Amino acid sequence: MSLYAAVSDKFAKMLGMNTEEIIGKSDHDLPYGIARIADVLYKQDRDVELFRIKMKFLDIRSYADGLEFYIFSKYPIINPSTKNVLGIYCYVTKPKNYSVINFINKYQLDYYPHHNQNPHQPLLTKREQEVMFCIASGITERKHIANFLSKIHNKNISSDGTIKKILTNLYQKLLISGSISALYNHAIHHGYHKIIPQSIINARNMRTGESIFIE
């Protein structure tokens, strides 16, 4: 797991903590739902380290100061002499005048107003697209997917009924073994984190506490 070696006062304030409380801890130890997606965040760190790439994602979360939108940018810290990766630097910014459409345009995300679909993948239903987007965004447990979509659609969506059935259909359509981890890897590889379903874009009252990946 990744451990925090240094923390800014700004980040600590977001979490309602002081820097000393965070240093030496991992995402598994942090509040506001971060612990729930810690494994996904750790995989990000490893990808940044292994492939020496920059990764960004949008985070919509109720932090200490209430519901906020932040952009997290992760970079590898490389020793100029040995070329070894020493760690991961994460820079947090708060978008000004946030709107979903402006954000999509700025980062050139795939956005299909009438039909969100990866042309190189099997045809998915609207609900299957939503579940794939959730999984690619780090929302991987059935109950959390159900909770997210229930808020988006303002109605109860069953975890053990609807979501379980959709996941079973996705495993069959995409020829994937019954593993959320395998489904997540497939979703990221095929860019489902960049295909934002129309229903989610239209949700003006999004209060999710989830991460939306953009790179």
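Among the residues of the range 149-159, the one identified as in a helix (DSSP H, G or I) and open to solvent by 60 Å² or more (accessible area, probe 1.4 Å) is 151.
Being outside any loop (DSSP other than H, G, I, E, B), exposed (fewer than 15 other Cβ atoms within 10 Å of the Cβ), over 15 Å from the mean Cα position of the chain (by Cα) and modelled with pLDDT under 70 holds for only one residue in 50, 67, 86, and it is 67. The residues listed here are 44, 121, 129; of these, the one that is at pLDDT 65 or above, surrounded by 14 or more Cβ atoms within 10 Å (Cβ to Cβ) and part of a loop (DSSP other than H, G, I, E, B) is 121. Which residues, counting only those in the range 178-215, are of a type in the set (S, T, N, Q), over 17 Å from residue 55 (Cα atoms) and at pLDDT below 85? Listed by number, the residues that qualify are 198, 199, 202, 205, 208. Among residues of the range 1-26 that are open to solvent by less than 50 Å² (accessible area, probe 1.4 Å), those with a beta-carbon under 6 Å from a residue that is polar (S, T, N, Q) and assigned to a helix (DSSP H, G or I) at least six positions away or on a different chain give the pairs 7/19; 12/19. Residues in the range 8-24 that are at pLDDT 90 or above, closer than 15 Å to residue 90 by Cα and either touching a Phe, Trp or Tyr at 6+ places or on another chain (Cβ under 6 Å) or of a type in the set (D, E, K, R) (or both): 9, 22, 23.
Just for the range 132-148: of the residues that are open to solvent by 20 Å² or more (accessible area, probe 1.4 Å) and not basic (Lys, Arg), which one is modelled with the lowest pLDDT? Out of the qualifying residues, it is 140. Open to solvent by 20 Å² or more (accessible area, probe 1.4 Å), over 19 Å from residue 199 (Cα atoms) and either under 18 Å from the mean Cα position of the chain (by Cα) or at pLDDT 80 or above (or both): does that describe residue 162? Taking the combined requirement at face value, the residue does not satisfy it.
Within the range 73-89, residues that are in contact (Cβ under 8 Å) with a residue 12 or more places away in the chain reach partners that are open to solvent by 70 Å² or more (accessible area, probe 1.4 Å) and of a type in the set (Lys, Arg) with beta carbons closer than 6 Å, at six or more positions or on different chains, in the pairs 75/54; 76/52.
The values are calculated or read from the model by the stated rules, or taken from the named source; none is laboratory data. All values derive from a computational prediction rather than experimental measurement. Neighbour counts run over all protein chains shown; Cβ positions are idealised from the backbone, glycine included. Heads up: the accessible areas ignore ligands, DNA and RNA and are worked out on the full protein's heavy atoms, side chains in. Shrake-Rupley method; radii C 1.70, N 1.55, O 1.52, S 1.80 Å.
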